[in-house]
1. Give the residues of the range B:446-485 that are touching a residue at least 40 places away in the same chain (Cβ under 8 Å) and closer than 14 Å to residue B:507 by Cβ, sorted by residue number.
2. Which count do you get for residues in the range B:539-560 that are part of a loop (DSSP other than H, G, I, E, B) and either without any contact (Cβ under 8 Å) to a residue 60 or more places away in the chain or more than 8 Å from chain A (Cβ to nearest Cβ) (or both)?
3. From B:313, B:301, which residue is within 14 Å of chain A (Cβ to nearest Cβ), within 18 Å of the chain's Cα centre (by Cα), without any contact (Cβ under 8 Å) to a residue 60 or more places away in the chain and surrounded by 22 or more Cβ atoms within 10 Å (Cβ to Cβ)?
4. With respect to residue B:126, determine if the residue is away from every other protein chain (no Cβ under 14 Å) and assigned to a helix (DSSP H, G or I).
5. Checking the condition without any contact (Cβ under 8 Å) to a residue 12 or more places away in the chain and either in contact with a helix residue (DSSP H, G or I) (Cβ under 9 Å, 6 or more places away or on another chain) or within 9 Å of chain B (Cβ to nearest Cβ) (or both), which residue from A:34, A:14, A:57 passes?
6. Answer yes or no as to whether residue B:397 is assigned to a helix (DSSP H, G or I), at pLDDT 95 or above and crowded, with 23+ Cβ neighbours inside 10 Å.
7. Could you identify the single residue in B:365, B:319 that is closer than 14 Å to residue A:23 by Cβ, more than 7 Å from chain A (Cβ to nearest Cβ) and crowded, with 23+ Cβ neighbours inside 10 Å?
8. Out of the residues in the range A:60-73 that are more than 7 Å from chain B (Cβ to nearest Cβ) and surrounded by fewer than 16 Cβ atoms within 10 Å (Cβ to Cβ), which is farthest from residue A:22 (Cα to Cα)?
């Protein structure tokens with residue numbers, strides 16, 4: 001079950017929290033090895049406690065958050081965040097989040113068009129945006145101002 | 001003898017309050033107010049919700065509609081922003097000249113204290129609550145907040161909190177404003193010594209602060225309950241929008257941080273009034289700092305996470321592409337939430353604490369920079385090669401990123417103990433955190449106010465004035481706070497009403513920037529009020545053309561439904577009765593469409 005949820009993509013998403021965990025772990029080792037101010041039972045316990053507690057709590061929260069998000073991705077339909085409540089919204093085709101994380105994916109376009117863009121992220125964006133946004137730029141504001149004037 | 005009399009009075013008052021509570025509990029069957037279904041106030045999936053609202057002022061005094069309460073929070077926050085802003089304008093004008101000229105040094109201290117508390121507790125937290133109250137239920141498909149009445153109570157605790165915090169400025173006999181700075185460090189704030197801080201004005205300020213904390217805690221519980229239990233069927237954790245994620249995390253932080261502040265404030269009040277010695281004895285000053293900053297540092301993230309959510313929400317809409325690495329942003333938000341409780345003593349590096357402890361706080365402080373940096377790269381990458389539309393909300397969001405980078409990087413240096421020992425208590429620190437609170441948090445607030453302006457007013461703001469507001473704010477912010485960073489490098493200590501002549505030029509530059517900010521905010525107020533009253537009405541439910549880029553979201557869909565059924569525009573008295581209580585307005589609303 002756990003392995004099914006924590007697949008490669010999910011683990012990749014969670015690397016963002018592994019980095020601060022690594023930094024904290026680095027300092028735990030560094031302070032254990034170097035300890036320039038010596039070891040004192042009380043002060044050193046607090047010193048390592050101050051590192052260990054955030055480390056453990058962050059690891060636990062990361063695990064549960066990853067499980068909640070990845071689990072609900074697998075158990076239900078995935079929409080673009082904020083779009084699930086939109087009438088007639090179409091679920092995304094892929095199970096996992098933004099392709100921007102994975103340069104091999106092609107789903108950077110706002111909605112998955114399935115039009116076979118095999119380019120890297122940037123190119124895929126150009127294609128998607130070019131069609132969509134040309135007429136949109138600032139028109140709402142422009143119109144509004146005109147009317148107001 | 002007199003103390004005993006006071007004690008007796010206090011006990012009597014306590015008994016009286018208990019009696020009132022008991023009477024209130026008996027006089028009404030409060031459970032009858034429990035919503036019939038779904039947690040919404042009036043079950044507004046039916047169409048009768050709109051008839052429930054009275055008109056005029058009574059509507060605003062009695063409302064439990066999350067959108068109305070959101071607007072109340074917003075109005076409150078903006079009024080507090082104006083008050084806090086005008087306070088600092090007076091301070092900056094005083095600082096044009098090295099000596100004491102316009103105002104007395106003690107009045108400067110009073111303004112300094114109230115400016116900080118006002119901006120953090122009366123503007124920052126409420127303006128975020130404005131967005132979250134209005135938007136979160138719409139975004140997650142909830143009928144209303146989980147506890148609509150608690151929501152209303154949480155708001156209505158804030159006006160008395162403001163009156164208490166500002167009480168010293170009112171013409172009350174023998175009451176003077178607090179001069180403790182927002183950190184309320186002891187022993188000064190215990191009223192010890194020959195100073196004037198034993199005055200009742202400080203007690204009133206502490207009580208007001210406590211009240212605002214109670215309000216924030218009630219709101220936080222409500223948001224946690226709402227996001228966990230009231231989400232629509234399709235809104236799973238995987239589909240939750242980034243703004244709601246940040247509100248959820250912020251609420252968690254509030255839940256753990258504010259009660260601690262409340263406890264510490266009560267202890268301080270006991271020290272001041274009942275002769276206890278929590279903070280006046282040996283080690284008391286350090287104890288206060290530990291307790292205060294255990295709240296105080298998470299408070300920074302309480303204030304910055306939701307604005308990050310707004311920026312993460314706005315930037316993709318005007319870049320024509322989704323947020324790069326959405327889940328990176330979500331997980332890093334959660335990481336910040338946890339780690340923010342492990343860094344508090346980096347505010348105390350200069351107190352002489354054990355160097356081993358200091359080193360640990362430094363390590364976690366460096367670690368917490370990573371999630372923030374990840375977000376920054378995500379925002380930049382979202383814009384990269386995107387079809388960027390530099391509308392006013394987008395400009396403010398880009399300004400957020402720019403200012404946040406400067407505020408963040410200057411903060412990383414402060415996390416390093418040796419650097420901090422040099423720069424501690426200088427204007428460098430003031431410049432650093434103002435880049436974050438003004439340059440980033442307030443900018444995101446403005447971004448949100450402009451982005452959702454059509455949503456909550458039914459009208460569009462004036463574009464040119466919006467851009468003038470942005471540029472004056474951007475230039476003013478950078479002039480003011482970069483000058484402060486340079487002042488700090490020069491060794492100018494913070495909190496002083498007077499300074500050595502060698503700092504005059506940079507202080508004058510900072511004042512020029514502050515005046516630019518003032519002009520920008522006056523333009524904002526003009527634009528905001530005039531556009532709300534007279535701006536062109538929005539005909540379409542998609543004023544930002546988000547459908548074309550596939551970035552249309554639930555709150556605009558709700559707005560679109562409102563437009564289609566010709567329900568109110570939020571302004572005209574005729575339409576007020578037709579305003580609904582959130583959620584969907586179905587067919588029966590058509591009956592009123594011609595009204």
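1. B:480, B:481, B:482, B:483, B:484, B:485
2. Number satisfying all stated conditions: 10.
3. Sole residue among the options that is within 14 Å of chain A (Cβ to nearest Cβ), within 18 Å of the chain's Cα centre (by Cα), without any contact (Cβ under 8 Å) to a residue 60 or more places away in the chain and surrounded by 22 or more Cβ atoms within 10 Å (Cβ to Cβ): B:301.
4. Judged against the criteria, residue B:126 is a match.
5. From the options A:34, A:14, A:57, the qualifying one is A:57.
6. Yes; evaluated as a whole, the condition is true for this residue.
7. Going through B:365, B:319 in turn, the sole match is B:365.
8. Filtering the range A:60-73 for residues that are more than 7 Å from chain B (Cβ to nearest Cβ) and surrounded by fewer than 16 Cβ atoms within 10 Å (Cβ to Cβ), the one farthest from residue A:22 (Cα to Cα) comes out as A:64.
The values are calculated or read from the model by the stated rules, or taken from the named source; none is laboratory data. Keep in mind it's a predicted model, so treat the numbers as computed, not measured. Cβ sites come from the backbone with ideal geometry, for glycine too, and all protein chains shown count toward neighbours.
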